[in-house]
């Protein structure tokens with residue numbers, strides 16, 4: 001038995017008929033063609049599949065698409081474009097916060113969630129906030145620096 005769902009993804013409304021067991025990550029990638037959301041471990045551990053659902057970061061590989069019915073979803077494609085990066089994307093580029101790029105979508109989405117919800121007074125707080133996202137390339141320092149730069153800008157302390 002298939003189910004009808006309606007979601008808004010990156011500001012665009014979609015109505016689709018899906019299998020009840022379809023994962024949100026598969027819905028975004030295969031049904032909507034939004035391949036920026038990466039699927040890594042498929043167990044919710046790596047964070048590569050992180051998206052915002054109604055403003056909260058969630059693991060799309062652990063969430064059924066039908067559970068997102070009526071939700072507002074933001075994927076990495078909704079943050080900015082290559083021509084018009086949002087500030088966090090810009091700082092990831094400026095601070096060299098990525099290498100292979102596989103974890104980057106999840107890091108960006110998690111970073112956006114952290115920036116919206118927490119004061120992030122120290123790098124330790126940023127690291128704690130990112131602790132659910134794994135990166136095997138960067139050592140995290142430049143990712144932390146990118147988020148710190150956005151925090152400093154928001155606080156009016158940008159250097």
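The values are calculated or read from the model by the stated rules, or taken from the named source; none is laboratory data. Every value quoted in this text rests on a predicted model; they were computed, and no experiment measured them. So basically every Cβ, Gly included, is an ideal-geometry build from the backbone, and we count neighbours across all protein chains shown.
Among the residues of this structure, residue 36 does not count as one that is crowded, with 17+ Cβ neighbours inside 10 Å, at pLDDT 95 or above, farther than 16 Å from residue 148 by Cα and assigned by TED's automatic domain parsing to the domain that holds residue 151. Of the residues making up region 131-159, those that are in contact (Cβ under 8 Å) with a residue 60 or more places away in the chain and closer than 25 Å to residue 38 by Cα are 132, 133, 134, 150. Residues that are over 15 Å from residue 92 (Cβ atoms) and exposed (fewer than 13 other Cβ atoms within 10 Å of the Cβ) within region 120-159 comprise 121, 122, 124, 131, 136, 155, 156, 157, 158, 159, listed in sequence order. Scanning region 38-54 for residues that are outside any strand (DSSP E or B) and touching a strand residue (DSSP E or B) at 6+ places or on another chain (Cβ under 6 Å), we see that the one that is nearest to residue 71 (Cα to Cα) is 54. The condition of being modelled with pLDDT under 95 and more than 16 Å from residue 143 (Cα to Cα) holds for only one of 81, 63, that being 81.
Being touching a helix residue (DSSP H, G or I) at 6+ places or on another chain (Cβ under 9 Å) and either in contact (Cβ under 8 Å) with a residue 60 or more places away in the chain or crowded, with 23+ Cβ neighbours inside 10 Å (or both) is the filter here, so list the residues in region 110-119 that pass it. 110, 111, 112, 113, listed by residue number. Selection of region 85-109 for residues being surrounded by 16 or more Cβ atoms within 10 Å (Cβ to Cβ) and more than 12 Å from residue 146 (Cβ to Cβ) yields 102, 103, 105, 106, 109.
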